[in-house]
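The values are calculated or read from the model by the stated rules, or taken from the named source; none is laboratory data. Nothing here was measured: the structure is a model prediction, and the numbers come from that model. Virtual Cβ from ideal backbone geometry, glycine too; neighbours counted across all protein chains shown. What goes into the accessible areas is simple: the full protein's heavy atoms, side chains included, and nothing from ligands, DNA or RNA. Shrake-Rupley method; radii C 1.70, N 1.55, O 1.52, S 1.80 Å.
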Amino acid sequence: MPRQPRFSKDDIVAAGLKIVRSSGFEAISARALGKELGTSSSPMFTMFKDMNEVMDAIRTAAEKTFTVRMKGVTDYFPAFKEFGLRLVAFAKEDPNIFQMLFLGKDARPEIAESIARECLSAVEQGYGLSPDQAEMLFRQMWPVACGIAALCVRHPEDFPEEEVSKTLSYHFSGIISIIKSGKEVEDVKPQLKKI
């Protein structure tokens, strides 16, 4: 009778997330996982076909961590602001997971974008925006929220929660005002100063 595996897939994925949190996604290897579990690298390959499958399972678990963090975000008003605050907090508290999900070479930002779009549909109703206006709001706010979060990965201390909240409010209020006014914003082109 074959011996039962000492570690489950979940154990291996949890060890992978622990390594990502402490050292980044690039630190994941069969050897590093084995070391984290206190064994050789061979248990990985009794549970997974290859390292790509292990990496995918770790990414999927990280995405689940993020979606759990965002659960209930549309229960707030404005939902998009709550999303922005949580996105930034996630980047500060779990920078290596954030980097793996949203900034790395195999990043999958679609998960965050789909949650942000759910928030926008709530904003659309709450502010009486048309679908086109809500899309414009999304295109202006999305890079602001993501940009602040990305900056927090390296320097979280530069962005206290109060400041993040005000920044998101300023941008959100300004964009809503412009959208509601029906006026176009002048596209100012930089020009060389004349001396």
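Summary of values
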item: From the options LYS18, LYS35, LYS92, LYS49, residue that is under 30 Å from HIS171 (Cα atoms) and either open to solvent by 40 Å² or more (accessible area, probe 1.4 Å) or assigned to a loop (DSSP other than H, G, I, E, B) (or both); result: LYS92
item: Residue among SER169, SER173, SER165 that alone is of a type in the set (Gly, Ala, Ser), in contact with a Gly (Cβ under 9 Å, 6 or more places away or on another chain) and open to solvent by less than 80 Å² (accessible area, probe 1.4 Å); result: SER165
item: Candidate set: segment 148-162, residues that are free of Cβ contacts under 8 Å to residues at least 60 places away in the same chain and loosely packed, with under 14 Cβ neighbours inside 10 Å; chosen: the one farthest from PHE102 (Cα to Cα); result: GLU162
item: Any chance PHE83 is within 30 Å of ASP158 (Cβ to Cβ), open to solvent by less than 40 Å² (accessible area, probe 1.4 Å), at pLDDT below 95 and in a helix (DSSP H, G or I); result: yes
item: Failed condition for LYS105, given (1) assigned to a helix (DSSP H, G or I); (2) open to solvent by 40 Å² or more (accessible area, probe 1.4 Å); result: (1)
item: Residue in segment 128-140 that is assigned to a helix (DSSP H, G or I) and under 30 Å from ALA15 (Cβ atoms) present; result: no
item: Any chance ARG69 is surrounded by fewer than 20 Cβ atoms within 10 Å (Cβ to Cβ), under 21 Å from CYS152 (Cα atoms) and among the basic types (Lys, Arg); result: yes
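Yes/no matrix, rows are residues, columns are (1) modelled with pLDDT of 95 or more; (2) among the charged types (D, E, K, R); (3) touching a Ser or Thr at 6+ places or on another chain (Cβ under 6 Å); (4) closer than 16 Å to PHE83 by Cβ:
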site: PRO143; (1), (2), (3), (4): no, no, no, yes
site: CYS146; (1), (2), (3), (4): no, no, no, yes
site: ARG154; (1), (2), (3), (4): no, yes, no, no
site: ASP158; (1), (2), (3), (4): no, yes, no, no
site: LYS166; (1), (2), (3), (4): yes, yes, no, no
site: PHE172; (1), (2), (3), (4): no, no, no, yes
site: ILE175; (1), (2), (3), (4): no, no, no, yes
site: LYS180; (1), (2), (3), (4): no, yes, no, no
site: GLU184; (1), (2), (3), (4): no, yes, no, no
